[in-house]
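Remarks on the structure that follows.
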Amino acid sequence: MPDDTFEEVTEIKYKPEIIERTDEEARRGMLEGEAFMVLEIQVIGMVEDYQGKDSLTIDYLAACNQKALASRWMKEKIRSLTNVCEVTVMGITNRMRARLFLHIKKQADQELCLYRLSAWMSMGDDGSQCWSIRDQIDPVFEQLDTSVEGRATEARRRAGNVMEQQAG
């Protein structure tokens with residue numbers, strides 16, 4: 001895929017837990033068993049004007065170390081995890097889209113972070129990479145769509161598989 005599929009955003013409204021560290025700090029943390037967030041996908045619902053009418057737009061933002069963004073591996077993981085979010089958690093009906101639209105439209109800035117999916121890396125006892133997947137569903141989204149938790153469970157499972165795969 002061409003590189004222009006990504007638009008670099010320098011400011012993210014919903015701050016991820018990524019901490020910028022020196023290589024030495026990261027190495028020391030890994031040896032001490034610390035887990036590091038490598039990537040977070042944020043699913044943002046926004047009310048925007050489209051051809052003179054308000055409509056719900058779903059945007060996918062990726063937060064990662066800026067140096068890592070240039071790697072083919074990271075781009076592949078961003079694409080894959082975005083797809084996981086799209087086909088699982090955001091696999092919603094038109095009726096649910098309408099309900100989310102009405103709720104988001106009431107927000108002062110007319111946007112809401114509906115879902116976050118993050119991949120964390122740590123080092124196993126044998127020195128291998130270990131991945132853990134964490135997520136967060138907006139409480140209102142969870143209230144409006146009682147089946148979203150089940151789709152999030154599937155998203156975490158698929159995301160774990162994506163992170164275990166080697167770069168192709």
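The values are calculated or read from the model by the stated rules, or taken from the named source; none is laboratory data. These figures come from a predicted structure and were not determined experimentally. Positions of Cβ are backbone-derived with ideal geometry, glycine not excepted, and every protein chain shown enters the neighbour counts.
Quick look at the numbers
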quantity: Single residue of region 134-156 satisfying the filter (out of contact with any Leu (no Cβ under 7 Å at 6 or more places or on another chain), aliphatic (A, V, I, L, M) and crowded, with 18+ Cβ neighbours inside 10 Å) that is farthest from MET90 (Cα to Cα); calculated: ILE137
quantity: Residue in region 65-102 that is nearest to VAL148 (Cα to Cα), counting only those that are under 14 Å from the mean Cα position of the chain (by Cα), surrounded by 17 or more Cβ atoms within 10 Å (Cβ to Cβ) and among the aliphatic types (A, V, I, L, M); calculated: VAL89
quantity: Only one of ASP49, ASP54 that is under 26 Å from ILE137 (Cβ atoms) and charged (D, E, K, R); calculated: ASP54
quantity: All helices (runs of 4 or more DSSP H) inside region 88-165 with 3 or more residues being touching a residue at least 40 places away in the same chain (Cβ under 8 Å) and in contact with a helix residue (DSSP H, G or I) (Cβ under 8 Å, 6 or more places away or on another chain); calculated: 94-105, 148-164
quantity: Members of region 118-131 found to be modelled with pLDDT of 95 or more and either surrounded by fewer than 16 Cβ atoms within 10 Å (Cβ to Cβ) or over 26 Å from GLU32 (Cβ atoms) (or both), listed by number; calculated: none
quantity: Residue within region 63-71 that is touching a strand residue (DSSP E or B) at 6+ places or on another chain (Cβ under 7 Å) and not in a helix (DSSP H, G or I) present; calculated: yes
quantity: Any hit, region 28-45, residues being surrounded by 14 or more Cβ atoms within 10 Å (Cβ to Cβ), of a type in the set (A, V, I, L, M, F, W, C) and more than 30 Å from GLN129 (Cβ to Cβ); calculated: no
